[in-house]
Amino acid sequence: MSLAYPSELEIAPLTNTPGATVTVPGSKSITNRALVLAAGTPMDVPCRLTGALRSEDTEVMVAAIQQLGIEVRPEWDAAEPSVLFPFRERSGIPARSADLYVANSGTTMRFLAAMVATGEGRYRLDGIPRMRERPIQDLLDALNQLGGVKAYSEAGNGCPPVVIETQGVRGGHVKIRAGVSSQFLSGLLMAAPFAETDVTIELVGPVVSEPYIEMTVAMMRQWGYAVDANGGTFHVRAGGYTHNPMTYAIEPDASAASYFWAAAAITGGRVTVAGLTRDSLQGDVRFVDVLEQMGCRVEACETGITVHGRPLRGVDVDMNDISDTVMTLGAVACFADGPTTIRNVAHIRHKETDRIAALATELRKLGAEVAERADGLTITPRPLAGCAVDTYNDHRMAMSLALVGLRVPGVVVRNPGCVAKTYPGFWQDLAALRQSP
């Protein structure tokens with residue numbers, strides 16, 4: 001998606017108390033899972049993914065699927081963006097070799113590494129320099145247990161580039177670690193129905209971001225795949241497909257919604273994010289529960305979730321399940337009465353940047369007192385002053401740090417274009433809060 005972004009963007013403080021209803025784009029997590037499921041499912045009828053997110057992460061996923069020889073027609077410029085998968089007689093990956101570029105999309109790297117293992121041939125996956133620092137060995141170890149697959153890190157360091165040499169997945173019992181990323185397990189789950197025999201997956205050790213695993217299982221069942229989950233063990237029936245949906249509606253992105261709920265908390269305003277409910281597939285809707293603990297009033301109904309800003313107090317919270325909103329909470333914590341402690345998120349050091357270290361560095365530059373730990377940080381509010389903040393080419397750092405500028409003059413976001421990874425129109429939507437009553 002091609003939008004023009006400046007090299008730096010100053011965030012002007014709001015002169016109003018916002019009262020707004022915001023519509024955020026489709027969920028990246030759901031869109032990329034739906035793309036993988038639609039790409040693998042036999043299409044007895046065409047399938048359209050409605051409300052699909054158009055962003056760098058989803059565009060590289062679509063391009064990779066096309067490169068694998070699977071027909072997919074993105075309709076990004078429609079009134080409601082969608083992706084069409086036409087009728088096709090059989091499932092499978094037509095291409096016997098491919099060199100796939102995933103940019104900085106972790107979901108694309110991990111989901112496709114598992115997906116191509118179900119093909120026949122040699123596939124290589126690579127991305128930007130930061131992607132070459134993001135661990136993936138736990139997934140490769142699991143794929144190598146399936147039979148018929150040789151998966152390895154080209155550099156031998158457990159990071160991309162990744163090479164998958166495969167004659168098709170045999171199946172059987174697999175052990176996998178998901179302490180660095182739950183996406184390892186999600187990718188393996190979505191590939192498992194295409195094994196020759198049933199696959200039993202056993203989790204070993206701690207697990208991060210469990211709601212995303214629940215999302216994957218729920219979506220596979222919506223697509224007609226037989227998945228049994230029993231604690232840390234999953235059983236996937238080979239060829240267990242029963243139907244494909246003619247239309248699959250993608251929810252608004254709950255991680256993106258967190259910035260606007262946080263804006264209400266920081267400014268004392270009222271912001272409704274339309275189309276998200278407590279019944280969402282996305283665990284990040286629970287971010288409003290943290291805001292409620294901090295003193296906000298939260299209203300949830302069938303049409304959306306509203307946050308009313310109130311005087312804020314610091315909290316002590318385990319954010320392992322909603323770790324994509326850690327940086328959002330970091331911004332809110334700067335305006336609370338008392339310290340906020342965020343725990344059990346060591347795995348976010350392996351995201352687009354080391355998010356714990358980066359957040360601590362930038363909040364200190366703004367004036368907050370921050371104590372960094374291996375698995376989190378404690379933020380103690382202090383008088384804030386505007387400055388130029390670095391984003392580390394991390395979309396979530398950019399969107400979160402911008403929230404501070406809604407109250408503090410002089411906050412300048414460097415490399416604001418990095419939001420294109422998941423939310424290309426973020427700056428326009430944030431600016432629209434200024435027009436709200």
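The values are calculated or read from the model by the stated rules, or taken from the named source; none is laboratory data. Model, not experiment: these values are computed from the prediction. Cβ atoms come from the backbone with ideal geometry, glycine included; neighbour counts cover every protein chain shown.
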One residue from 258, 280 being out of contact with any Lys or Arg (no Cβ under 9 Å at 6 or more places or on another chain), among the polar types (S, T, N, Q), buried (at least 16 other Cβ atoms within 10 Å of the Cβ) and part of a helix (DSSP H, G or I):
258
Quick one: residue 407 ticks every box in (1) of a type in the set (D, E, K, R); (2) surrounded by fewer than 16 Cβ atoms within 10 Å (Cβ to Cβ); (3) over 24 Å from the mean Cα position of the chain (by Cα) except a single one, so which number is it?
(2)
Which one of these is surrounded by 14 or more Cβ atoms within 10 Å (Cβ to Cβ), among the hydroxyl-bearing types (Ser, Thr, Tyr) and closer than 30 Å to residue 298 by Cα: 91, 105, 55?
55
Residue 420 fails exactly one of (1) touching a residue at least 12 places away in the same chain (Cβ under 8 Å); (2) assigned to a helix (DSSP H, G or I); (3) more than 24 Å from the chain's Cα centre (by Cα), namely (3)
Inspect segment 364-385 for any residue being touching a strand residue (DSSP E or B) at 6+ places or on another chain (Cβ under 8 Å), free of Cβ contacts under 8 Å to residues at least 12 places away in the same chain, buried (at least 18 other Cβ atoms within 10 Å of the Cβ) and not in a loop (DSSP other than H, G, I, E, B) and give the result as yes or no.
yes
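Yes/no per residue for (1) buried (at least 20 other Cβ atoms within 10 Å of the Cβ); (2) at negative phi; (3) not hydroxyl-bearing (Ser, Thr, Tyr):
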site	(1), (2), (3)
167	no, yes, yes
175	no, yes, yes
183	yes, yes, yes
187	yes, yes, yes
205	no, no, yes
218	no, yes, yes
222	no, yes, yes
226	no, yes, yes
230	no, yes, yes
Which members of segment 390-416 meet the condition of being under 25 Å from residue 127 (Cβ atoms) and either in a loop (DSSP other than H, G, I, E, B) or touching a strand residue (DSSP E or B) at 6+ places or on another chain (Cβ under 6 Å) (or both)?
390, 391, 392, 393, 394, 398, 401, 413, 414, 415, 416
How many of the residues making up segment 296-338 are part of a loop (DSSP other than H, G, I, E, B), in contact with a strand residue (DSSP E or B) (Cβ under 9 Å, 6 or more places away or on another chain) and under 24 Å from residue 11 (Cβ atoms)?
8
Any idea how many residues of segment 78-115 are among the aliphatic types (A, V, I, L, M) and not in a loop (DSSP other than H, G, I, E, B)?
9
Could you identify the single residue in 298, 315, 326, 290 that is farther than 30 Å from residue 193 by Cβ and in contact with a Lys or Arg (Cβ under 7 Å, 6 or more places away or on another chain)?
326
Scanning segment 116-133 residue by residue, those aliphatic (A, V, I, L, M), outside any loop (DSSP other than H, G, I, E, B) and under 27 Å from residue 418 (Cα atoms) turn out to be 125, 131
Residues of segment 134-165 classified as among the aliphatic types (A, V, I, L, M), part of a loop (DSSP other than H, G, I, E, B) and either surrounded by fewer than 24 Cβ atoms within 10 Å (Cβ to Cβ) or not assigned by TED's automatic domain parsing to the domain that holds residue 94 (or both), total
1
